[in-house]
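Step one of this worksheet: look at the structure below.
The values are calculated or read from the model by the stated rules, or taken from the named source; none is laboratory data. All values reported here derive from a predicted model rather than from experimental measurement. We place every Cβ from the backbone using ideal geometry, glycine too, and count neighbours over all the protein chains shown. Remember, those area values only see protein heavy atoms, side chains included, never the ligands or the DNA or RNA. Shrake-Rupley method; radii C 1.70, N 1.55, O 1.52, S 1.80 Å.
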Amino acid sequence: MTTDSSDTNTSAPGGGISTFKGQERALRADRLGTGGLLLSVLAATAPLMVVAGVMPTTFAVMGIVGQPLLFVVLGVVLILFSVGYAEMSRHVHNAGAFYAYIRRGLGATAGASAALVALVAYNALQVGIYGIFGFEVSGLLATYADVRIAWWIPALVAALAVGLLGWLKIDVNARVLGVLLVIEVLLVVVFDVAALADPGKEGLSLHAFNPDTLTGAGVGTALCFCIAAFLGFEQAPVYAEETSRPHVLVPRVMFLAVGGVAVFFALSSWALTVATGPAAIVGTAQKQSAGLLFFLTESRLGGTFTDVLHVLFVTGMFAALLSFHNVVARYAFAMGREGLLPAAFGRTSGSSGAPGTGSLLQTVVAVLVVAAFAVADDRPVGDPTAPVLQLFTWFGNIGALGVIVLMAAASLSVVVFFVRRGAAGAQAWRLVTSALAGIALLVIAGYTVKDFEVLVGAGPDSSLSWVLPGIIGLAALVGMALGLVLRSRAPEKHARIGLGNEAFQLDKAASS
């Protein structure tokens, strides 16, 4: 078997990761255990936002009754992906997870390209949520406090609050995320039980799990909607440097997250079909739209429960905002210490050990984007068209496409990485699962690009159908160009791409 010195992890005597220029350029170790890491990852999936938003939209727009079966299928695909991805996490501990993994298999220039795609994609996912968050908060204030404000005011307040929390210790963030997530999940489970206890006219029908329900032109696009609901599980390796045993905790959390999310969403979407009856779910979703879940809880669990659910819908989105913010900040940190962004991004802040400059960058991006949409919004207060149908759908689908492409590239990288190390025989089954997952993810990416106008609600002749996905393509090209420039003009920086904390050993060797 061949060896690669860049796969070696160095540890400081105290258990933290050593650095050449001091701890300020390394994330603090031992901040997260299994529970904290799992909660940080799962918060990004925003379970209540998926059940109340993604699921009704998929039923209504795509007309696919078999959405529960889709979640099972996607769960299998993502578990196949996780097999190789988790094995890579045993060899690579870097806050820039996706691009670090891609760099190890496909080279430093490909890693630079992936880094910029990841930065753009996760920023887009985070910023897009502000649209629906602002609209929901303004709606709650109008309903319960008789106060009418524009959607962008609570969105900007939330951006500042998220930015402040991003400067705190990651374990503090994990506690905030954990409390919000647990309450969300419990309330959805209460609805699931209530729906099964009081089913619609067709009773406890399993028709939604019938493969015959996955036919028609809308299946490919429904896959795009549903895979977005899983986004977040792949973030576990981003926190690897902040765990005590990344080689154990990261794979464990990834499989727990994928399996848990697949089962939870499959059961919850099935509960929606049971509550209305499979024959009526599409029509009811088209009539109720994003109000489907609340419509069903009102009749079964009463107005008070539904009011609480509305509030938790908002806090769940806040948890997702904070989770994605943390990921973006850590990608910026990883890119800063490796020369893909200015060096200031590669340093942590004082006592908290958080990537403060990266956190500030993400906050500034969020504020500027929300402000731009606010200035362009000439619709009356309460009209959701701008924040929900533009900011949320445009940016959410840009981000989802970027992450799907990164997962496909990471699957290929896993295969190349172990083949080059002479470990193809020992890792054969992982290479097979990675290859199968990569093919499936490429198919989903193809459907996403093909049906982008449907995903963002634009017409077939709209320029948005190529401009918006083109943002991910542009990020990939700019990142590749940056990698080529570094290879030509600063080969020492090019060599550090994707090496994470190990890059400081190169600095140390060069200076000695």
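Points worth noting:
Residues are listed down the side, and each one gets a yes or a no for (1) of a type in the set (Ser, Thr, Tyr); (2) buried (at least 20 other Cβ atoms within 10 Å of the Cβ); (3) touching a Gly at 6+ places or on another chain (Cβ under 8 Å):
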{"site": "399", "(1), (2), (3)": "no, yes, yes"}
{"site": "411", "(1), (2), (3)": "yes, yes, yes"}
{"site": "420", "(1), (2), (3)": "no, no, yes"}
{"site": "426", "(1), (2), (3)": "no, no, no"}
{"site": "430", "(1), (2), (3)": "no, yes, yes"}
{"site": "461", "(1), (2), (3)": "no, no, no"}
{"site": "486", "(1), (2), (3)": "no, yes, yes"}
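- Subset of region 57-72 that is more than 21 Å from the chain's Cα centre (by Cα) and open to solvent by less than 10 Å² (accessible area, probe 1.4 Å) - its residue that is modelled with the lowest pLDDT: 64
- Selection from region 432-446 of residues that are farther than 20 Å from residue 392 by Cα and surrounded by 19 or more Cβ atoms within 10 Å (Cβ to Cβ): 433, 434, 437, 438, 440, 441, 444
A quick yes/no check of all residues on (1) open to solvent by 30 Å² or more (accessible area, probe 1.4 Å); (2) modelled with pLDDT of 90 or more; (3) not aromatic (Phe, Trp, Tyr):
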| site | (1), (2), (3) |
| --- | --- |
| 31 | yes, no, yes |
| 39 | yes, no, yes |
| 55 | no, yes, yes |
| 81 | no, yes, no |
| 91 | yes, no, yes |
| 94 | no, no, yes |
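- The single residue among 305, 318 that is of a type in the set (Phe, Trp, Tyr), crowded, with 19+ Cβ neighbours inside 10 Å and part of a helix (DSSP H, G or I) turns out to be 318.
- Residues of region 207-260 classified as open to solvent by 10 Å² or more (accessible area, probe 1.4 Å), part of a helix (DSSP H, G or I) and either under 21 Å from residue 68 (Cα atoms) or at pLDDT 85 or above (or both), total: 13
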